[in-house]
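The values are calculated or read from the model by the stated rules, or taken from the named source; none is laboratory data. Predicted model only: the values in this text are computed from it and were never measured. Note that each Cβ is placed from the backbone with ideal geometry, even for glycine, and that neighbours are counted across all protein chains shown. When the accessible area is computed, the model is the full protein with side chains, heavy atoms only, and any ligands, DNA or RNA have been set aside. Shrake-Rupley method; radii C 1.70, N 1.55, O 1.52, S 1.80 Å.
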Amino acid sequence: MSSQETPQENLPAERADDEHGAVAVPGEKDPFADPGLPPHEHRIQDIDERAAKRSERTVALLFTLSMLSTVAFIAAFVAIPVDKSIYVFPLGRISALNFALGMTLGVALFAIGAGAVHWARTLMSDVELADERHAIEATPEVKAKVMEDFRQGAKESALGRRKLIRNTMFGALALFPLSGVVLLRDLGPLPEDKLRHTLWRKGKLLVNMNTDEPLRPSDVAVGSLTFAKPEGLEEHDHDFQNEIAKSALMIVRIQPDDIKDKQELEWSHQGIVAYSKICTHVGCPISLYEQQTHHVLCPCHQSTFDLSDGARVIFGPAGHALPQLRIGVNDEGYLEALGDFEEPVGPAFWERG
């Protein structure tokens, strides 16, 4: 239906002196004229002071709840131990500190937002106002005046003549942002060369992961697979997980005549070889050993390594061979490391740099 066919009673009535301003009536000359704003409808808080007081108390309650939650956040941060855990359905067992901090901070932020929204929706004015826009572009006279003031200011600053001031100012402005870059240092400790080294050192005993006892050559039978850790690394240490992820060993005994790689044979002891347990693909712990072929298999993506030939990759997505640890026997007859790994352990190290 066209605007000419619209029944007269459906068109907005003309209100010349309305509180929102004049309203034009669409007609033949301007069928798209602005119909104006609808009449303002008062909220209950606008006409009932008791309702307004209730809204005021609600907003104050929300803001008070936010304050209490913030105090609870600080108290939780100070009082709850880092290692304490609780059971929360259906999340299971989680950190009590993280749960408390998350809940209190979330309630504090939510209460501030809810209070602000309730305040705006019930107590602040909701009258819509229309205002005519003025031209954004300045007049030629204003433009000329601004440019003249700029030229005059540049001349009075003597920036062109005072080269020492100009150059030192540019230097100060260029260097100042570096202070913000320096603050990035506090985001955490520098990695340094920690990824390139493990706990293995010359003289470190090889300790059985299951019995927690030092290993003797007689403890490792031909065809067996034993897992070892460095002497002194205990499960209750705060950095145990980080260190064992780099230092975990596979100990395998192979007949010396079956070892194909010359360096592997030199770094072994009576056919006992020690290789990193961490797969060079994505870091899964290798735990499957095939005695007849001397192959070890990563259970995650089936990368396969030949322990009789320098632990080279013979199948799967792993990028390079497993690092070997050079071992020997000390005066007491225990297996010991003769140094650290010659290359970094773990996945994609060369891509990480």
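Most fluctuating residue of ALA245, ALA60, ALA228 in a GNM of the chain with Cα springs under 10 Å: which is it?
ALA60
Just ILE136, ILE80, ILE272 to compare: in a GNM of the chain, with alpha carbon springs under 10 Å, which one fluctuates most?
Of ILE136, ILE80, ILE272, the Gaussian network model singles out ILE80 as fluctuating most.
Quick check on my link table: of LYS202/LYS260; LYS194/LYS229; LYS204/LYS277; LYS229/LYS262, which ones sit more than 21 Å apart, alpha carbon to alpha carbon?
Violating the 21 Å Cα-Cα cut-off are LYS202/LYS260; LYS229/LYS262.
Based on the alpha-carbon set only, what is the convex hull volume of segment 197-337 divided per residue, in Å³?
On the way: hull volume 15.0 nm³, N = 141.
Cα-based convex hull of segment 197-337, divided per residue, equals 106 Å³.
How large is the dipole of segment 197-337 about the Cα centre if only Lys and Arg carry +1 and Asp and Glu carry -1, each at its Cβ, rounded to the nearest 20 debye?
400 debye
Name the lysines eligible as straight-distance cross-link partners of LYS143: C-alpha to C-alpha under 28 Å, and not fewer than 8 places from it in the same chain.
Output for LYS143: LYS155.
Compute the signed sum of charges (Lys and Arg +1, Asp and Glu -1) over the other residues within less than 10 Å, Cβ to Cβ, of LEU249.
For residues surrounding LEU249, the net value is +2.
Restricting to Cα pairs below 8 Å that are 6+ residues apart, what does the relative contact order work out to for the chain? Please round to a whole percent.
11 percent
Leaving out ligands, DNA and RNA, and with a 1.4 Å probe, what % of the accessible surface on the chain is carbon or sulfur?
Its accessible area is 59 percent carbon and sulfur atoms.
So what are the three principal axis dimensions of the chain from its Cα atoms, in whole Å, longest to shortest?
107, 69, 54
Rg over Rh of segment 83-198, using C-alpha atoms and the Kirkwood radius, what does it come to?
1.25
Given +1 on the Cβ of Lys and Arg, -1 on the Cβ of Asp and Glu, and no further charges, what dipole in debye does the chain carry about its Cα centre, rounded to the nearest 20?
In debye, rounded to 20, the chain gives about 1280.
Could you work out the helix-only [θ] at 222 nm for the chain, with each DSSP H run of four or more residues adding -39,500 (n - 2.57) and the total divided by the number of residues, to the nearest 500 deg cm²/dmol?
On the way: 9 runs with 117 residues, N = 353.
Theoretical 222 nm ellipticity from helices: -10500 deg cm²/dmol.
Just to be sure I understand: with springs between alpha-carbon atoms less than 10 Å apart, which residue in ALA337, ALA116, ALA321 has the highest mean-square fluctuation in the Gaussian network model of the chain?
Highest fluctuation of the listed residues: ALA116.
Of all beta bridges DSSP finds with both residues in the chain, what is the antiparallel percent, to the nearest 5?
Here the antiparallel bridges make up roughly 95 percent for the chain.
Would you mind counting up the charge near SER218? Only other residues with Cβ under 14 Å from its Cβ, with Lys and Arg at +1 and Asp and Glu at -1.
Local charge sum for SER218: -1.
Using the charge dipole of the chain (Lys, Arg: +1 at Cβ; Asp, Glu: -1 at Cβ; taken about the Cα centre), state which of VAL296, GLY339, HIS236 has its Cα farthest towards the positive end.
It is GLY339, whose Cα lies furthest towards the positive end.
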